[in-house]
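Okay, structure first, notes after.
The values are calculated or read from the model by the stated rules, or taken from the named source; none is laboratory data. The model shown is predicted, which means the values in this text are computed figures rather than measured ones. All Cβ positions, even for glycine, are placed from backbone atoms using ideal geometry, and neighbour counts span all protein chains on display.
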Amino acid sequence: MNREDRSEERPLGPSFGCPVGRADHAQILLGHGGGGLLTHRLLEQVFRPAFTNPLLDARHDGAVLTVGSERLAFTTDSYVVRPLFFPGGDIGTLAVNGTINDLTMCGARPLFLSVAFILEEGLPIEILYRVVASMRQAAQSAGVQIVTGDTKVVDRGKGDGLYINTAGVGLIMHGLTIAPTAIRPGDAVLLSGDIGRHGMAIMAVREGLEFETTIISDCAAVAEPVQELLTAGIEVHCLRDLTRGGLATALVEIAEAARLHIHLEETAIPIQEEVRGACEILGLDPLYVANEGRFVCFVPLAQKEAALDILRQYPVATDAHQIGEVREGTEGLVTIKGTLGTSRVLDMLSGEQLPRIC
């Protein structure tokens with residue numbers, strides 16, 4: 001659904017003075033979890049009116065909190081991926097790395113995590129052992145500790161095996177404000193690597209797609225290269241990891257929050273041929289496919305080369321490129337120049353491309 005189509009849906013029923021307003025749908029759809037337009041509406045029409053405060057209204061990957069003389073980042077996330085195990089990871093590594101990355105996008109050094117397990121009756125204990133071992137390894141590799149948690153068990157058939165919720169705390173050790181509202185015209189938009197691998201790795205397993213080489217999820221923690229950018233004095237304006245909704249949705253959200261125009265060069269965006277082929281088979285646009293180890297970084301143009309040199313030193317960002325720039329102009333607009341030289345507008349998807357991929 002494009003912007004012109006959005007007026008066709010009408011709020012349902014009277015509000016009866018409810019302080020959280022009215023949603024566009026009477027029931028939750030899978031698309032409400034896809035990270036696109038329906039997710040955006042759910043946040044804007046239900047959650048933000050109910051819980052509004054300056055910290056939440058920053059619309060970041062986590063909250064930046066001031067406690068005494070320290071600045072902390074705090075975030076939480078839930079994981080319902082199906083299948084539980086996929087090429088390149090599993091629900092456990094996904095939960096740990098995803099929470100670490102959300103803290104990192106706030107400019108924080110991740111320190112502590114909590115984990116809560118929702119277990120379905122009948123889940124083999126061996127699967128739980130494997131997931132817990134993956135989480136331990138991912139946390140140790142990133143230098144974070146899992147320090148608290150919870151366990152619940154639901155009836156057979158009510159939990160799809162295993163769901164995980166995580167929360168994390170990190171320490172911000174610099175004076176920068178890293179947020180969508182901090183980007184400026186002239187900023188370079190840097191992408192840390194190829195896109196679309198996580199979503200396509202999940203779908204290849206589900207659909208039984210076979211390629212000459214297996215598509216491996218990009219699931220990884222990205223704290224190291226980001227911390228090095230900050231240590232080196234790069235003036236990072238904004239960071240965003242490209243999870244649900246992919247590259248396109250993340251940039252639309254940033255452009256709308258910053259009230260600026262972001263322009264991209266499609267030929268600069270790296271996509272593996274296997275991923276491109278899988279997207280063509282399934283009728284998907286890789287710009288909207290989820291990633292779990294990729295991020296965009298907004299820096300002043302003068303620091304672009306220094307930032308790229310730093311990113312490319314790390315395995316999770318060896319293929320980092322500049323893919324666009326921030327411009328004055330139409331507020332909240334994201335455009336992309338295609339391979340034929342013509343430009344088009346990128347918008348949020350209205351529905352769900354790939355359910356249950358994180």
Practice task
Examine region 250-265 for a residue that is surrounded by fewer than 16 Cβ atoms within 10 Å (Cβ to Cβ), free of Cβ contacts under 8 Å to residues at least 60 places away in the same chain and on the phi < 0 side of the Ramachandran plot, and state whether such a residue exists.
Solution key: no
Completion exercise
Of the listed residues (ARG276, ARG327), the one being surrounded by fewer than 21 Cβ atoms within 10 Å (Cβ to Cβ) and over 20 Å from ALA179 (Cα atoms) is ARG276
Exercise for the section: Could you check ALA268 against (1) modelled with pLDDT of 95 or more; (2) among the small types (Gly, Ala, Ser); (3) within 11 Å of the chain's Cα centre (by Cα) and say which number it fails? Expected result: (3)
Exercise for the section: Within region 330-358, track down each residue that is surrounded by 14 or more Cβ atoms within 10 Å (Cβ to Cβ), at pLDDT 95 or above and β-branched (Val, Ile, Thr). Expected result: VAL334, THR335, ILE336
Completion exercise
Given (1) surrounded by fewer than 18 Cβ atoms within 10 Å (Cβ to Cβ); (2) modelled with pLDDT of 95 or more, LYS158 misses just (2)
Exercise for the section: Name every residue in region 162-183 that is modelled with pLDDT of 95 or more and assigned to a helix (DSSP H, G or I), in order of residue number. Expected result: ALA182
Problem - Breaking point among (1) in contact with a strand residue (DSSP E or B) (Cβ under 9 Å, 6 or more places away or on another chain); (2) over 27 Å from GLU70 (Cβ atoms); (3) in contact (Cβ under 8 Å) with a residue 60 or more places away in the chain, for ALA108 - result: (2)
Exercise for the section: Determine whether VAL296 is surrounded by 14 or more Cβ atoms within 10 Å (Cβ to Cβ), touching a residue at least 60 places away in the same chain (Cβ under 8 Å), of a type in the set (A, V, I, L, M) and under 19 Å from ARG240 (Cα atoms). Expected result: yes
Exercise for the section: Evaluate region 123-135: report whether one residue or more is part of a loop (DSSP other than H, G, I, E, B) and not assigned by TED's automatic domain parsing to the domain that holds ALA220. Expected result: yes
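Quick grid of which residues meet (1) in the same structural domain as GLU331 (by TED's automatic domain parsing); (2) at pLDDT 95 or above; (3) more than 12 Å from the chain's Cα centre (by Cα); (4) hydrophobic (A, V, I, L, M, F, W, C):
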residue	(1), (2), (3), (4)
PRO185	yes, yes, yes, no
HIS198	yes, yes, no, no
ALA204	yes, no, yes, yes
PHE211	yes, no, yes, yes
SER217	yes, yes, yes, no
ARG244	yes, no, no, no
ALA255	yes, yes, yes, yes
LEU260	yes, yes, yes, yes
Practice task
Would you please name the residue that is farthest from PRO110 (Cα to Cα), looking only at residues in region 165-222 that are of a type in the set (S, T, N, Q) and touching a strand residue (DSSP E or B) at 6+ places or on another chain (Cβ under 7 Å)?
Solution key: SER217
Problem - Residue identified as part of a loop (DSSP other than H, G, I, E, B) and within 24 Å of ASP102 (Cα to Cα) among GLU292, GLU253 - result: GLU292
Exercise for the section: Consider VAL316 carefully, then state whether it is at pLDDT 95 or above, in contact with a Pro (Cβ under 8 Å, 6 or more places away or on another chain), crowded, with 19+ Cβ neighbours inside 10 Å and among the aliphatic types (A, V, I, L, M). Expected result: yes
